[in-house]
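Have a look at the structure below before the remarks.
Each reported figure results from applying straightforward, stated rules to the coordinates on display, with no laboratory input. Bear in mind that the values here come from a model prediction, so they are computed numbers and not experimental data. Because the Cβ atoms are built from the backbone with ideal geometry, glycine has one as well, and the counts that use them run over all protein chains shown.
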Amino acid sequence: MFTLHDRRALITGAGSGIGAATARLFAEHGAQVALVGRTVARLEAVRDEIEAQGRRAVVLPADLGEVGAAAAVVERAARQLGGLDILVNNAAVYRAASIAGMGLDDWQEHFDVNLRAPFLLCQAAYPWLKDSGRGVVVNVLSTLATRPVPAVAAYSASKAALLSLTQTMALEWAGDGIRSVAVSPGVVDTPIHGGRDLAEMAAMHPLGRVGTAAEVAAAIAFLASDASAWTTGSVLTVDGGIHLA
Ligand SMILES: NC(=O)c1ccc[n+]([C@@H]2O[C@H](COP(=O)([O-])OP(=O)(O)OC[C@H]3O[C@@H](n4cnc5c(N)ncnc54)[C@H](OP(=O)(O)O)[C@@H]3O)[C@@H](O)[C@H]2O)c1
């Protein structure tokens, strides 16, 4: 249905959950992938799986909470892959805290990793994506960007701002042939939930279950491919219907 043949992609948070599933699926569809995250062993495990299938993956360890990290990984990815066609801003932190009880450090880390890092990665990737002629940025949002719940204010606000960035970028970069799109997942069974039992969450989704990382990866792959070539500034909601609940 779609192909990512010969596309060069940088995926953040690629060592686990949605990022790892996206890296595997991209490689399956013919892309070369640069895997970014802090935990080297997990990135290497994903790389080894991809290489075992005869595809190319490179591991680029980085803490995206640090200002210089974004430009450095984009440079290394583009040099090692020979350019860059796709940037998937997937890495994020997610911690619960009430507004009254939240420390500034906690607030700041959410905005550093979930918003500033995507912004800096996009800035650094811009010349490469423009040079690609078919550049795409896919940002991973959340239902909470537009449907907040108590006790996750920093996370929700960072994702709402990332939605806004997605849309502005779509307008600013359309003339350069770069698309800017997003996925908005509902609750997905990944390590971000720290092993919590998600059964109660399942019932909140009209489809009666939480999602899988592979289901979100499929939406990301569609948006990154030419199958969605006339789509920019859009958000693909992949959430078992929870946005209607
Ligand atoms: N799971 C859900 O229910 C759900 C719902 C809506 C949206 N999302 C979004 O989906 C995306 C992926 O999350 P996930 O559910 O797949 O959870 P996950 O497996 O915990 O993935 C988060 C990834 O971000 C990386 N990361 C965190 N801080 C980082 C930093 N400072 N520098 C570099 N990498 C960092 C982590 O790797 P390291 O720790 O190794 O650095 C990890 O691989 C996130 O944007 C999340 O907000 C998830």
_Per residue of segment 227-238, what does 6.51 cos²θ - 1.76 cosθ + 1.60 with θ = phi - 60° give for ³J(HN,Hα)? Whole Hz please, x for Gly and Pro, Karplus curve as stated._
4, 10, 4, 9, 10, 8, x, 9, 10, 9, 7, 10
*Would you please give the residues with an amide H less than 5 Å from that of VAL58, counting only those at least 5 places away or on a separate chain, with H modeled from the backbone geometry?*
VAL33, ALA34, LEU35
_Rg(Cα)/(2.2 N^0.38 Å) for the chain, N = residue count_ = 0.94
_Amide H partners (placed H, <5 Å) of ARG179, local residues excluded_ = GLY135, VAL136, VAL137
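Under the rule a/c < 1.5 gives rounded, and otherwise a/b versus b/c splits prolate from oblate, where does segment 179-245 land using the Cα gyration tensor?
Since a/c reaches 1.5 and a/b is larger than b/c, the shape of segment 179-245 is classed as prolate.
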*Assuming R0 = 45 Å, can you tell me the calculated FRET efficiency for the pair ALA202 and ASP131, based on Cβ-Cβ distance, to the nearest 0.05?*
0.55
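Determine the dipole magnitude for segment 119-234: charges of +1 sit on the beta-carbon of Lys and Arg, -1 on that of Asp and Glu, nothing else is charged, the reference point is the Cα centre, and the result goes in debye to the nearest 20. Please report the intermediate quantities before stating the final value.
On the way: 7 positive and 8 negative charges, 25 e Å.
For this selection, approximately 120 debye.
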*Dipole magnitude of the chain about its Cα centre (Cβ charges: Lys, Arg +1; Asp, Glu -1), debye to nearest 20*: 240 debye
_Taking the chain and dividing mean pair separation by its residue count, relative contact order in percent (alpha carbons under 8 Å, at least six apart)_ = 20 percent
*Compare the peptides 29-35, 214-220 by average per-residue count of other Cβ atoms within 10 angstrom and give them in order, highest first.*
29-35, 214-220
*asked:* Among ALA71, ALA100, ALA229, which one shows the highest mean-square fluctuation when the chain is modelled as a Gaussian network with alpha-carbon springs under 10 Å?
replied: ALA100
*Looking at the chain, send over the antiparallel percent of its DSSP beta bridges, to the nearest 5.*
0 percent
*Collect residues whose amide H, placed 1.01 Å from N in the peptide plane, falls under 5 Å from the amide H of THR237; neighbours closer than 5 in sequence don't count.*
SER184
_Under Karplus coefficients 6.51, -1.76 and 1.60, residue-wise ³J(HN,Hα) of segment 121-129 in Hz, glycine/proline x_ = 5, 5, 4, 5, 7, 3, x, 6, 5
*Among GLU51, GLU200, GLU75, whose mean-square fluctuation peaks in a Gaussian network model of the chain (Cα, cutoff 10 Å)?*
GLU200
*asked:* I'd like the Karplus ³J(HN,Hα) series for segment 28-35: coefficients 6.51, -1.76, 1.60, θ = phi - 60°, whole numbers in Hz, and an x wherever there's a Gly or Pro.
replied: 4, 8, x, 7, 9, 10, 9, 9
